[in-house]
Amino acid sequence: MNDKQAVITKQEIKNSFSVGPVELLSLNIFYPEIKLKRKPDVEKHINAHYKQEADRFYRYSSGSLLSGAKAEYADSIKNGFPFRPYDAMMTYSVELNEGCILSTYYEQYTYTGGAHGNTVRRSDTWDLQTGAQIRLKDLFPDGSGYRRLILEQILPMADKHMANNPYVYFNDYRELIVKYFNPQSFYLTPKGLAVYYQLYEIAPYASGIVVFEIPYGNLGVQKPDCI
């Protein structure tokens, strides 16, 4: 096992909720479990976080989401229209796992009828030496104005995308990029800093969750590594 990396295994929780032969809700949760060579306390702390997020999504799905599916099904029986089963899924992606840094994101997808479902993305970046979460501002020197530096990179990228495809963002995308910039909505990759925007924040549904990946050198910082 590499001292500077986590060994990651996929954990899975599945369930299906039905009324007789009719499935109301399908639930699938995938979350990471890590193993570290010499850091059992850090390992336990990070695993507890991921398990907590999985349990929280399970409670939401088997609680209020399932209640909504039951009400929708009862309404469909009463009014004679087809019922579309609800769906809930949580998946994750490991974007960086080297140099004592683990950066991941997870997505929670729910479908409650209609044309399409909804996806929300969240992310975590960890120092595998200490178990501390790395914040966006931790990547930059104090007083550097990291928000401004990042937006100065994102806006020209968005301008170029919009020039190539006039429908990729909303017309007021520049104002929306600034308005909805969230210092928690980031993760790290081997090449740079990835900043993302949730569905509908700056673009129509068809554009998905929008990600801007900025090379570390463009921001005047280096990829985090072991001290």
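The values are calculated or read from the model by the stated rules, or taken from the named source; none is laboratory data. All values derive from a computational prediction rather than experimental measurement. Don't worry about glycine lacking a Cβ; one is built from the backbone with ideal geometry, like all the others, and counts go over all protein chains shown.
For the stretch 145-227, list the helices (runs of 4 or more DSSP H) that sit wholly inside it and hold at least 3 residues that are free of Cβ contacts under 8 Å to residues at least 24 places away in the same chain; which are they?
Of the helices (runs of 4 or more DSSP H) lying wholly inside the stretch 145-227, those with at least 3 residues that are free of Cβ contacts under 8 Å to residues at least 24 places away in the same chain span 146-164, 173-179.
Working only within the stretch 181-194, note down all residues that are in contact with an Asp or Glu (Cβ under 8 Å, 6 or more places away or on another chain) and either surrounded by 14 or more Cβ atoms within 10 Å (Cβ to Cβ) or more than 27 Å from P141 (Cα to Cα) (or both).
Y187, L188, T189, G192, L193, A194
Based on this model, can you work out whether V168 counts as crowded, with 17+ Cβ neighbours inside 10 Å, under 16 Å from K223 (Cβ atoms), of a type outside the set (G, A, S) and at pLDDT 95 or above?
Judged against the criteria, V168 is not a match.
Against the definition (closer than 21 Å to G192 by Cβ and modelled with pLDDT under 95), how does S123 come out, yes or no?
no
On the basis of being without any contact (Cβ under 8 Å) to a residue 12 or more places away in the chain and either hydroxyl-bearing (S, T, Y) or within 30 Å of D225 (Cβ to Cβ) (or both), does K35 make the cut?
no
Just give me the residues in the stretch 12-36 being closer than 17 Å to Y109 by Cα and among the charged types (D, E, K, R), in sequence order.
E12, K14
Taking the conditions exactly as written (touching a Phe, Trp or Tyr at 6+ places or on another chain (Cβ under 9 Å) and farther than 30 Å from I101 by Cα), does S76 satisfy them or not?
Against the criterion (touching a Phe, Trp or Tyr at 6+ places or on another chain (Cβ under 9 Å) and farther than 30 Å from I101 by Cα), S76 qualifies.
This table checks each residue for (1) surrounded by fewer than 17 Cβ atoms within 10 Å (Cβ to Cβ); (2) in contact (Cβ under 8 Å) with a residue 24 or more places away in the chain.
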{"site": "Y58", "(1), (2)": "yes, yes"}
{"site": "S61", "(1), (2)": "no, yes"}
{"site": "L66", "(1), (2)": "no, yes"}
{"site": "A69", "(1), (2)": "no, yes"}
{"site": "N79", "(1), (2)": "yes, no"}
{"site": "C100", "(1), (2)": "no, yes"}
{"site": "G113", "(1), (2)": "yes, yes"}
{"site": "G117", "(1), (2)": "yes, yes"}
